[in-house]
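Below is one structure; the comments refer to it alone.
The values are calculated or read from the model by the stated rules, or taken from the named source; none is laboratory data. Small disclaimer: the values here were computed from a predicted structure and weren't measured. With ligands, DNA and RNA removed, areas are computed over all heavy atoms of the protein, side chains included. Shrake-Rupley method; radii C 1.70, N 1.55, O 1.52, S 1.80 Å.
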Amino acid sequence: MKNYDPKEVTVSFAGIVAEGYADGEFVTVEGLSDDFSDVVGTDGEVSRSKTSDRRATVTIKLMQTSATNVLFSAISNRDRESPNGAGVGALVIRDRQGTSIYESAEAWIVKPPNAAFDRTPTAREWAIRCANLKRTDGGN
C-alpha cells in the first residue's frame, strides 16, 4: 500500500517556501520542448535530434489569502525594476514522502498572476520559468 499526502509536497522558490495552496491541483510542471525532434525522409528513414532544451514552466496555484503572494509579488516587482535578473532564484519541488524532485538553479516569475475577486477567495496562479529543470518523476 502507498500513501500520498499533499502536505508533504514542498515548493521553494528564491528561498521562500510556498504555503496557502488553492484547492485541487496546486503545482504543475510542464517542459517547453520535446527531448528529441525527428524528421522522416522520402524513403521513410527517420532521423532524430536531441534538443537539449530543458526549460520548463512551473505553475503554483495559491489562494488569494496566502501570505506567499506578497512575497512572490515583491520578487516579481524587484525583477522588473532592477537590472541583471534581480528576481532569478532557485526552485525546488520535493515530495518528502516519495521520490519526486524537480530542481532548477535559475528560475524566475514569468509575469504576475491574473487577479479576480469573488464572494469567496479565488486562486492566484504564479508561472515560474526554469532555465534548466532537472527532474525525477518518482513515486511514493
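Largest GNM mean-square fluctuation across P83, P112, P121, computed for the chain with C-alpha springs under 10 Å, falls on P83. Here the accessible area is traced with a 1.4 Å probe on the protein chains. For the chain, carbon and sulfur cover 48 percent of it.
Taken along its principal axes, the alpha carbon cloud of the chain reaches lengths of 61, 50, 30 Å, longest axis first.
Highest GNM mean-square fluctuation among D79, D118, D43, for the chain modelled with Cα contacts below 10 Å: D43. Could you tell me how many degrees, from 0 to 90 and to the nearest 10, lie between the Cα long axis of helix 68-81 and the main elongation axis, the longest principal axis, of the Cα atoms of the chain? Result, in degrees: 70.
Taking amide H atoms as placed 1.01 Å from N in the peptide plane, the amide H of L32 lies under 5 Å from those of R55, A56, T57, each 5 or more residues away in sequence or on another chain. Once you reduce the stretch 1-71 and the stretch 73-140 to the center of their Cα atoms, the two points are 9 Å from each other. Remark: the chain carries 64 Å² of accessible area per residue (probe radius 1.4 Å; ligands, DNA and RNA excluded). For the chain, modelled as a GNM whose springs connect Cα atoms under 10 angstrom apart, the maximal fluctuation among A74, A56, A18 occurs at A74. Estimated from helices alone, the mean residue ellipticity of the chain at 222 nm is -3000 deg cm²/dmol (sum of -39500 (n - 2.57) over DSSP H runs with n ≥ 4, per residue).
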